Amino acid sequence: MRIPRSHNSHPKFLFGTLAATIVLSGLTACKPPEKASITRHEMNPPWEEVNGYTQVVEVNGVVYLSGVACSGETYAKAIPDCYSQLKVILDKLNLKPENIVKETVYTKDIDAFKEQIPARKSFYGNGKYPAATWIQIDRLYLPEMVAEIDTIAVRTE
């Protein structure tokens with residue numbers, strides 16, 4: 001005895017079979033995640049040991065750079081110096097400013113920092129700016145600090 005099928009059940013059957021095939025093929029292609037590779041780069045500023053932190057930590061090619069302190073009598077002196085310090089760190093890591101994908105600036109005076117945008121643009125130089133957040137705060141770790149630049153970079157090679 002043959003059971004009659006409605007005309008609508010055939011497309012549903014094909015769609016269901018196709019969906020199951022896609023899901024199963026995706027499951028067989030999944031690999032378990034690899035263990036993270038964590039490297040703590042020794043930059044050896046004296047305050048690393050004193051305060052108990054690492055200036056640079058790299059996880060699977062993503063490089064987290066602790067905030068670089070900007071100190072000086074004026075923002076016009078402090079901010080370019082800060083980006084110079086950041087360049088030295090990047091050079092030690094064989095990275096360039098274009099490897100920076102995220103920048104967070106903590107500053108005691110956002111307007112004074114904004115006046116130094118040309119120095120910031122000069123640092124990046126290539127127009128490939130990172131995602132950025134600038135935050136005005138009451139104070140930083142040391143009274144003479146006017147800003148701190150925290151970055152995340154990614155190795156591309």
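Each reported figure results from applying straightforward, stated rules to the coordinates on display, with no laboratory input. The shown structure was predicted, so the numbers you read here are calculated from the model rather than taken from an experiment. As a convention, Cβ positions derive from the backbone with ideal geometry for all residues, glycine included, and neighbour counts pool all protein chains shown.
Of all residues in the range 131-157 being among the hydroxyl-bearing types (Ser, Thr, Tyr) and not in a strand (DSSP E or B), which is surrounded by the fewest Cβ atoms within 10 Å (Cβ to Cβ)? Please lay out each step first, then the result.
Initially, the range 131-157 is screened for residues among the hydroxyl-bearing types (Ser, Thr, Tyr), giving 133, 141, 151, 156.
Subsequent filtering for residues that are not in a strand (DSSP E or B) retains 141, 156.
On the way: TYR141: 11, THR156: 9.
Looking at residues that are among the hydroxyl-bearing types (Ser, Thr, Tyr) and not in a strand (DSSP E or B), I get THR156.
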*Restricting attention to the range 72-96, report how many residues are closer than 21 Å to VAL146 by Cβ, without any contact (Cβ under 8 Å) to a residue 60 or more places away in the chain and not polar (S, T, N, Q).*
8
_I'm trying to understand the selection: among the residues of the range 55-71, which are loosely packed, with under 14 Cβ neighbours inside 10 Å and farther than 16 Å from LEU90 by Cβ?_
VAL59, ASN60
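Mind listing whichever residues of the range 72-85 are among the small types (Gly, Ala, Ser), surrounded by 15 or more Cβ atoms within 10 Å (Cβ to Cβ) and assigned to a helix (DSSP H, G or I)? Give the steps one after another, and end with the answer.
Our first condition is that a residue be among the small types (Gly, Ala, Ser); within the range 72-85, this holds for 72, 76, 78, 84.
Restricting the remaining residues to those that are surrounded by 15 or more Cβ atoms within 10 Å (Cβ to Cβ) gives 72, 78.
Within the range 72-85, just ALA78 meets the criteria.
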*Quick one: in the range 42-71, which of the residues that are touching a residue at least 40 places away in the same chain (Cβ under 8 Å) and either assigned to a loop (DSSP other than H, G, I, E, B) or aliphatic (A, V, I, L, M) (or both) is farthest from ALA147 (Cα to Cα)?*
GLY61
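Considering only the range 86-97, how many residues are part of a helix (DSSP H, G or I) and either surrounded by 16 or more Cβ atoms within 10 Å (Cβ to Cβ) or among the aromatic types (Phe, Trp, Tyr) (or both)? Before the answer, list the steps.
First, pick out the residues of the range 86-97 that are part of a helix (DSSP H, G or I): 86-92, 97.
When the remaining residues are screened for being either surrounded by 16 or more Cβ atoms within 10 Å (Cβ to Cβ) or among the aromatic types (Phe, Trp, Tyr) (or both), the result is 86, 89-90, 97.
So the answer is 4.
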*Only residues in the range 107-133 that are closer than 16 Å to THR151 by Cα count as the first member; pair them with residues that are part of a helix (DSSP H, G or I) and among the aliphatic types (A, V, I, L, M), Cβ under 8 angstrom, at least 6 apart or cross-chain, and list the lot.*
ARG120/ILE79; PHE123/LEU86
*Inspect the range 140-147 for any residue being within 18 Å of the chain's Cα centre (by Cα) and aromatic (Phe, Trp, Tyr) and give the result as yes or no.*
no
